[in-house]
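Each remark here refers to the structure printed beneath this line.
The values are calculated or read from the model by the stated rules, or taken from the named source; none is laboratory data. Just so you know, these numbers come straight off a predicted model, no measurement behind them. So basically every Cβ, Gly included, is an ideal-geometry build from the backbone, and we count neighbours across all protein chains shown. Accessible surface is based on the protein model in full, side chains and every heavy atom, while ligands, DNA and RNA are left aside. Shrake-Rupley method; radii C 1.70, N 1.55, O 1.52, S 1.80 Å.
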Amino acid sequence: MELSRLPAYLAGRLVKAAIVILAIVVCNFFLIHAAPGDPASIIAGQSGSADARFLEQLRAQFGLDQPLYVQLWMYLKGVLTLDLGFSHRQQASVAALVWDRLPATLLLTGAAFIFAIVLGVTMGALAARRVGTWWDSIITVLALAFYATPLFWVGLMLVLLFSVTLEWLPSFGMMSVGVEMSGIGKVLDVGKHLLLPALTLGLFYVAVYARLSRATMLEVADQDFVKTARAKGVPEGRILRRHILRNAMLPVITFAGIQAGQLIGGSILVETVFAWPGIGRLAFEALLARDYQVLMGVFFCTSVMVVLFNLITDLLYAVVDPRVEVS
Amino acid sequence: MKTFWRNFARNRGAVVGLVILVLVLIVALTAPWIFPGSPWDMAGAPFAPPGEDGMLLGTDSLGRDVAAGIAHGARVSLLVGAVSTVVSLVIGIGLGAIAGYLGGWVDDVVMRFTEFFQTIPSFVLAILLVAIFTPTIQSIVFAIAVVSWPPVARVVRAEFLSLRSREFVQASEVLGKSRISIVLGDILPNALSPIVVLSSLMVASAILLESALSFLGLGDPNMMSWGFLIGSGRSVIRMAWWMSVFPGIAIFLTVLSLNLVGEGLSDALNPRLPRNRGGKP
Amino acid sequence: MTTLSRRGLMAAAATLPVLWRVEDAIAQGVQPKRGGTLTTIVNPEPPVLHIGVNNQAPTLIVGGKMFQGLLRYDAQLKPLPELAKSWEVSADGLEYTFHLQENVKFHDGKPMTSEDVVFSIMKFHMEVSPRARGVFARIKEGVAVNPTTAKFVLSEPFEPFLLMFDVTVSAIVPKHLFEGQDFRQAPAVARPVGTGPFKFAEWQRGNFIKLERFDEYWKPGQPYLDAIIYRVVPDSQSRRLALESGQVILTQSNDIEPFDVPQMRARPNLEVKTTGWEYMGPLMWVEFNHRVKPLDDVRVRRALTMAVNRDFIAQRLWFGIGKPATGPFNSSTRFYDASAKAPGFDVNAAKALLDEAGLKPNAQGVRFTIKHMSLPYGEVFTRLGEFLRQAFRQVGVDLQLESVDVGTWSQRTANWDFDTTINYLYQYGDPTLGVERSYVSTNIKKILFSNVSGYANPQVDELFAKGRDAADPKVRQEAFSAVQKILVSDVPLLWLMEMSFPTIYDKKLNNVITTGAGVHASFDDVFLA
């Protein structure tokens, strides 16, 4: 790609991304408001008693007495100025709530992602290198097994083994609470808590990346430039690294971009099983409590992340692979 | 057909998968005879371990037979998997065909729409949909279908894009065939093999998705599915491991077999390609 | 049954030393010890921590450590001093005078005076809490007589008035932080300031809430603990694990599922108690929607009541955490009449009654089909729905389960959009405070916790009114006995169980449950041995 065309391309992509995000915001707004029940009735319900005045007060305070289009307009206006609204249920601004919980989810999904990519690609490369041997079979079977096991079930089993039986790792939470710790100790502590959830979330994607990279590597290995390199007597290890792996990474990268959003979805389950204080659980609890603003805030935040991630992977793709045209 | 079978059978995994799948289907079909009566009936003492009390796989917290639950659950889980796959195939093939065949701005709009669905985390969307429409078997199937069609649309579009310019299609166009008959009669049959492979994997992920929804308490309370069994066993896992382990194995085997069969199909339908293309979320 | 006599109350107030519980502990040979952190669980995570602004159980449990009421109550619902060291009631039952403890400070260092008390009762809770409003609307005037004396004058006598001063109902809040502001949005809601033994320190949402010892607490030498940490753990098995592994040393309320309790009992280091819910007195029932045929037929309701084995529910589903209900009153609620009993378990009689009502089974053995909306409050309620379905099936009634989330449940229950569902309500120790609302026709409203079943019986209305307005406990007893007899024959609801919740704690923790409100208490006397 010519670098001179990059700014125009980027601008076009950003505009498109903004439209997608806006569409998501509007769509979410209507979906969420279509759910039966509203935050006022839930707060009233959970406070153990209610009267008509109380409900009216709450609805007026939350702006629920306004027509839906007014509520949508207010919300859109807010989003355009990056004001995600206020959660009356939790008496806190949505941005602050999401911001508080985002690092935990990024840490979890990031760790799971790196774990999945590294282990998955290694397994895939290994299997492709020794295609047809028992190595290949074992890796293929393992990947299939990871793929076919329900995520939450793996989590439960890991807890049973490592927390209950062996007592090696903590079963829930993100850090020890009430213990004073130094910098290194704190990092180690979080690391210990992170291990099981990241493993649980990552296993499925290990399978996905293992299969994907094995397949693409086999495909690339068949192509002319590899055959040429081989004919020229380039050492096998070098061919693998310089030619095959690099090219085989492209579909993996694309796929990872698409998967970014799915990781967040999976993190709801994992965050529930491991009491991980991330936005997946924030979203799920907000849904159950009809805390509209928070739910929409999480959606907004994840869509922005996914769109950005897609953009980055596309750029990466375009830069790495000269065959891809930027249009 | 013969070559198809030969190619399929060359993949030993696929044969194993097919055998497992057929066994699961047999269990599902014969459940009412093997385990007559409702799987919800309290058949024995609560929390009886496997083998005790005449219960092969033990009983649950209300004394219901886990084995009966798994057999009857196979019907529900497979049904959810199959129906939601059919629904999302209809959506995905429809949109993909339109985009791929017409191209131009239509393609652009449809692909934006598809991207849009891929941007929203699918599991979160599924939860939202089931919560809005309250958990019933219909709303669960609908939600799974809504979140699983985009890959189909992409695959179909790609196939259509490449097939559209082939000679036989152009020949049909010259002959004045209607667009619909070209799409259905000429292009679609030639695009079928990746769709077939994809759909076996989609059934598998639909079963997983249903179980995840059930796990979060968003299953149909009148349908005993495998997800329901795990979900209800999860909180007593320390006391009655059998309640979640056996349904877990049932899901595992079924999803595994569907994947193996999918790979076998891929081999058989696309003998040129190296085995195991993967790439299915 | 207990009766509050005014003389008894005053005697109790006069004779109870402030530190009686600690002295009890000392008498048992356990010396209170300063120091240590109590790590426990809060579930679900409360949306806000300020009592009154939110009245869900988690908020009340955590808030109960930071705030205090004028009174507390023992397991027999007898009032005990808290922020009020003594109190008097005038002979006509209209004037209530509270004498406050001295040297009580709020966490911001400002002294607590009768001004704060009058403000809390007359303004704060009147505004934010619908339940308190219902009763406090009877107060004609509230006067701060002097800094340590507050007086409330009622417009008419209200015998259960003294039950309204627990921290969970009317916590004393600082006037200077709320006056002139929107009470629900004042900064003090996000950083609660009370008079309790523990003050707010930190809240990492989704993770933990930390409360710290308030050094200027009014009881000398107390509290004993340095801090209380409430961890947020959404999964019930993780909670159980945390308790077993000692990561937390106290669980309460719904933290531990009933089916896990037997194993907790078996652990030598843990104590399991189901007391400490007498003040709330929760009663669980199947809500019948009387607008849906054939649930309007008393014979059908009686038959369905007889189809359910309530012992099974208490023993097999709740593992003995709770007692089978006998009627509309929790047995810990005042004026409970043991002689009024709802029909017992009898499948054949139930079938006969349904035949008599003209509901004959069809070829599939089904007489009629109704829907049941499960209560979305956890695993055990799902099992309860499944159990009821099998129980009703036995008498030929087909129950179709609907699973809903909390949002849908609240909305549909409030809008009468259900056939049957499960509900449980606190009775707050007195029929006027917590029972009447579910049965009187004046409370048939499209609001949760009103009479959503639509049951109407003029006699019942009349008797509840009589019990409410009578100043004499004897008159009230007569009215409430009569109403219980009518209710058990009308069976407007299918009463299932007197609920309780397990409080499980490490044995090194002392004085956890000392009142009728159990874990909602201030914990100023709790210590680690």
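Here are a few things to note about the model shown:
- Here is the interface size for A with C: some 3900 Å² of accessible area buried, both sides summed, with a 1.4 Å probe.
- Ratio Rg/Rh [Cα only; Rh per Kirkwood] for the range A:3-94: 1.16
- In Hz, Karplus ³J(HN,Hα) per residue of the range C:108-113 (6.51, -1.76, 1.60; θ = phi - 60°; x = Gly, Pro): 8, x, 6, x, 8, 10
- Residues with amide H under 5 Å from that of B:T59, placed H, sequence gap 5 or more: B:F47, B:A48, B:V66
- What a 1.4 Å probe finds exposed on the protein assembly as shown is 61% carbon and sulfur by accessible area, rounded to a whole percent.
- Only beta bridges with both residues in chain C are counted; by DSSP, about 75 percent of them are antiparallel.
- Both chains summed, the buried accessible area for A and B stands near 4400 Å², from protein heavy atoms and a 1.4 Å probe.
- Distance violations [Cα-Cα > 24 Å] among C:K85/C:K323; C:K293/C:K466; C:K110/C:K210; C:K65/C:K446: C:K85/C:K323; C:K293/C:K466; C:K65/C:K446
- A simple count of charges around C:K360, restricted to other residues whose Cβ falls under 15 Å of its Cβ and scoring Lys, Arg +1 and Asp, Glu -1, yields -1.
- Long-range amide H partners of C:L401 with built H, under 5 Å: C:H372
- Antiparallel DSSP beta bridges within the protein assembly as shown, percent to nearest 5: 80
- Interatomic Cα distance distribution for the protein assembly as shown, bins of 20 angstrom, percent: 11, 39, 34, 14, 3, 0
- In order along the range C:436-444, phi translates into HN-Hα couplings of 3, 4, 8, 10, 7, 6, 5, 9, 6 Hz, rounded to whole numbers, per the Karplus curve 6.51 cos²θ - 1.76 cosθ + 1.60 with θ = phi - 60° and x for Gly and Pro.
- Helix C:379-394 axis, angle to chain C major axis (alpha carbon atoms, nearest 10°): 20
- Average accessible surface area per residue within the protein assembly as shown, 1.4 Å rolling probe, Å²: 37
- Inter-label distance for C:F312 and C:A363, nm, one decimal - labels placed 7 Å from Cα along Cα-to-Cβ: 2.9
- Degrees, to the nearest 10: C:458-469 long Cα axis against longest axis of chain C: 10
- List of the range C:107-138 residues, accessible area with partners at least 20 Å² below that of the chain alone (1.4 Å probe): C:E127, C:P130, C:R131, C:R133
- Database remark: amide H of C:K105 closer than 5 angstrom to the amide H of C:M112, C:W218 (H placed geometrically; neighbours at sequence offset of 5 or more, or on other chains; Pro and chain starts carry no H).
- Computed from Cα atoms, the angle from the helix A:6-34 axis to the main principal axis of chain A rounds to 40 degrees.
- Gap separating the Cα centres of the range A:109-123 and the range C:154-191, nearest whole Å: 54
- Dipole of chain A [Lys/Arg +1, Asp/Glu -1 at C-beta], most positive-end residue of A:L201, A:I24, A:L316: A:L316
- Global form of the range A:50-104, assessed from the alpha-carbon gyration tensor, a/c cut-off 1.5: oblate
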